[in-house]
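Below: one structure, written as structure tokens.
No value in this document is a laboratory result; all are computed from the given coordinates. For clarity, every value in this text was computed on a predicted model and none was experimentally measured. Cβ placement follows ideal geometry from the backbone for every residue including glycine, while neighbour counts extend to all protein chains displayed.
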Amino acid sequence: MTLVRRLALRILNATVRRARPELQEWGLAMSREMDFIENDWAALFWAIGSVKSVIASRKGADMMRAQQINRVSGKILIVLSLIALFTVLSGYFQAPQPDEGAGAHIFQLSVVALVPTILLFLTTADWAKPSRNARLLAFTGVTMALAFGALYYLEHYFYTEHFR
Amino acid sequence: MSPQTRQVLSEFLQDGRSWKYGYDISRNTGLKSGTLYPILMRLAGHALLERRWEESEPGRPPRHMYRLTAEGLRYAREQVLHSKRVLAPRPAFGGVKN
């Protein structure tokens, strides 16, 4: 086996070994075909192309996973912001408690959970289509602004007027 | 659909349901492995292509072989026919009436 062919085979086999299990069959298939390529340089170009396709498939799979994470984190953002808003609104239907009740804790937890969820959403977002991301972030922002506004009004005006 | 995918489908349509090797498809279509295999993977992912390992002569490694599934064959015929219709030359000004 010539040096060029040995190099080609080594490059391809090293890539196949590091590929995801579902890609290994394909990588092996491309590697096996090299035995049927007579020209050494053609074999080297075949190996380079094969490495390119294994890497491209890996990137594609990573992108798909990022999209899934982005979809789920987007839904979690909506749910958390709505939980925060409705928890505050529920405070209008009950008397102020001497200590923080369950509602206050739910509100605090949902606000805290929003921070990593927003980060996850932003890092996995596909910025080639910014309108969906912007809509979701705007919805979360408006809902949270309403929740904090309602909380401020509840504590500073509503309770003093109704439960003095 | 990319012209390269159409090329691969046309190549499979040459012999209907016969099995083909990756390198042979590459040679016949002129597509490099970096273009051909992602297409084959996508077709297999959509269950349009089936694959199997073939035992070669002793001393030679087994090879991966491919052929279109029945669904793949139908899809390939539709696509290739559609592209022929789209690419068919149309006479200017509606052609000449005899």
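Tell me, what is the percent relative contact order of the stretch B:3-85, built from C-alpha pairs under 8 Å that lie six or more residues apart? Before the final figure, lay out the partial values.
Details: 93 pairs, mean separation 29.0, N = 83.
About 35 percent, as a whole number.
For chain B, take the longest principal axis of its alpha carbons; what is the angle in degrees between that and the long axis of helix B:3-14, to the nearest 10 within 0 to 90?
70
Can you tell me how much longer the chain between residue A:119 and residue A:39 gets when fully stretched, taken as 0.36 nm per residue apart minus their C-alpha distance, in nm with one decimal?
Numbers: separation 80, 0.36 × 80 = 28.80 nm, distance 5.11 nm.
Stretched out fully, the residue A:119 to residue A:39 stretch lengthens by 23.7 nm.
Need one word for the stretch A:94-161: rounded, prolate or oblate. Basis is the Cα gyration tensor (sqrt eigenvalues a ≥ b ≥ c); a/c below 1.5 gives rounded, then a/b vs b/c decides.
Details: a/c = 5.34, a/b = 2.24, b/c = 2.38.
It comes out oblate by the Cα gyration axes.
Based on DSSP H runs of at least 4 residues, each adding -39500 (n - 2.57), what is the mean residue ellipticity at 222 nm of the protein assembly as shown after dividing by all its residues, to the nearest 500 deg cm²/dmol?
Values: 10 runs with 182 residues, N = 262.
Rounded to the nearest 500, it is -23500 deg cm²/dmol.
With each pseudo-label sitting 7 Å past Cα toward Cβ, what's the residue B:15-residue A:4 distance in nm, one decimal?
Between residue B:15 and residue A:4, the simple spin-label model gives 2.9 nm.
Using a 7 Å offset from the Cα along the Cα-to-Cβ direction at both residue A:79 and residue B:1, what is the distance between the two label points in nm, to one decimal?
Label-label distance for residue A:79 and residue B:1, simple model: 4.0 nm.
Zone of residue B:74 (label point 7 Å along Cα→Cβ, backbone N under 14 Å): which residues in the stretch B:27-66?
Residues B:47-49 fall inside that zone.
Against the longest alpha carbon principal axis of chain A, how many degrees, from 0 to 90 and to the nearest 10, is the axis of helix A:21-33 turned?
With both axes taken from Cα atoms, the answer is about 20 degrees.
Where is the GNM fluctuation largest for chain A (alpha-carbon springs, 10 angstrom cutoff): A:31, A:81, A:110?
Of A:31, A:81, A:110, the Gaussian network model singles out A:31 as fluctuating most.
So what's the angle, to the nearest 10 degrees on a 0 to 90 scale, between helix B:70-87 and the longest Cα principal axis of chain B?
That helix lies at roughly 30 degrees to the long axis.
Going down the table (A:59/B:84; A:129/B:84; A:52/A:129; A:52/A:75; A:75/B:32), which pairs top 30 Å between alpha carbons? Write out the running numbers ahead of the final one.
Working: A:59/B:84 33 Å; A:129/B:84 33 Å; A:52/A:129 26 Å; A:52/A:75 35 Å; A:75/B:32 42 Å.
As for pairs spanning more than 30 Å Cα to Cα, those are A:59/B:84; A:129/B:84; A:52/A:75; A:75/B:32.
What FRET efficiency comes out for the pair residue A:112/residue A:135, r = Cβ-Cβ distance, R0 = 30 Å, nearest 0.05? Display every interim value, and only then the final one.
Details: r = 24 Å, r/R0 = 0.80.
Here the calculated transfer efficiency is 0.80.
Hey, with R₀ at 41 Å, roughly what FRET efficiency would residue A:104 and residue A:63 work out to, going by the Cβ-Cβ distance, to 0.05? All intermediate terms of the calculation are to be shown ahead of the outcome.
Numbers: r = 40 Å, r/R0 = 0.99.
The pair residue A:104/residue A:63 has a calculated efficiency of 0.50.
Within 12 Å, Cβ to Cβ, of residue A:124, how many net charges do the neighbouring residues add up to if Lys/Arg are +1 and Asp/Glu are -1?
Working: positive: A:65, A:71; negative: A:62, A:126.
Taking every Cβ under 12 Å from that of residue A:124, the sum is 0.
Which distance in Å, rounded to a whole number, links the C-alpha centroids of the stretch A:126-156 and the stretch A:42-56?
Cα centroid of the stretch A:126-156 versus Cα centroid of the stretch A:42-56: 47 Å apart.
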